[in-house]
Structure formats: structure tokens, C-alpha cells
1. Any idea how many residues of region 25-81 are in a loop (DSSP other than H, G, I, E, B) and without any contact (Cβ under 8 Å) to a residue 60 or more places away in the chain?
2. Identify all residues within region 46-61 that are among the acidic types (Asp, Glu) and within 8 Å of the chain's Cα centre (by Cα); write none if there are none.
3. Looking only at region 25-55, filter to residues that are small (Gly, Ala, Ser) and modelled with pLDDT of 95 or more; which one of those is most open to solvent (accessible area, probe 1.4 Å)?
4. Going through region 3-24 one residue at a time, which ones are open to solvent by 90 Å² or more (accessible area, probe 1.4 Å) and touching a residue at least 24 places away in the same chain (Cβ under 8 Å)?
5. Can you say whether Thr73 is under 16 Å from Ile9 (Cβ atoms), of a type outside the set (Gly, Ala, Ser) and within 11 Å of the chain's Cα centre (by Cα), as far as the supplied structure shows?
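The values are calculated or read from the model by the stated rules, or taken from the named source; none is laboratory data. Quick caveat, the model's predicted, so the values are computed rather than measured. Methodologically, a virtual Cβ is constructed for each residue, glycine included, from the backbone with ideal geometry; neighbour enumeration extends over all protein chains shown. Only protein heavy atoms, including side chains, enter the accessible area calculation; ligands, DNA and RNA are left aside. Shrake-Rupley method; radii C 1.70, N 1.55, O 1.52, S 1.80 Å.
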Amino acid sequence: MLENMSRNILKAYKTPRIPYSVSNLLAQGKLGEVILNATLQFEKGSDGDLHDLIEALSILRHIGLEDTARRATLSLIKVGY
């Protein structure tokens, strides 16, 4: 599981996925909603939904929260994924 999780985390950093809906929300100035949704996606991702994990990390990086994305990634690795 750790190897699979690591590969997917790497995807978020190498080829980020930014859904159209996120771009729309950002265009409307709804940064808070984007952050909340990314947080919820990260939670689902940390429970095993790798699609949500990749999107959450990608979104956090896209909106300038690179440090937050890194810390979130480290927290996953530290937990033992």
C-alpha cells in the first residue's frame, strides 16, 4: 500500500490535476470554498481514495499552499501509508 500511495502522491507533484469546477470557483473568488473542498478531498484521500488525494494535493499547490500540501503529504507518510 505504501508504494502505491507514494506513486500517487508523486503524481500530484509531477502532473497536478485541477478540476474545471475548481477553476470556476476560483474565477468567482470562492477561495475559501476551494480550500474547504480540498481539505475534505484530502481526508477522503487519506482513507484510500487516491483520486481525491491527488486532486487535493494538486489544488493546494495550485492555490499557493505548497507548504500545506507538503506538510499534509508528510503527515500521510508519517502515519505509515
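1. 9
2. Matches in region 46-61: Asp52, Glu55.
3. Ala27
4. Within region 3-24, Lys11 is the sole residue that qualifies.
5. Yes; evaluated as a whole, the condition is true for this residue.
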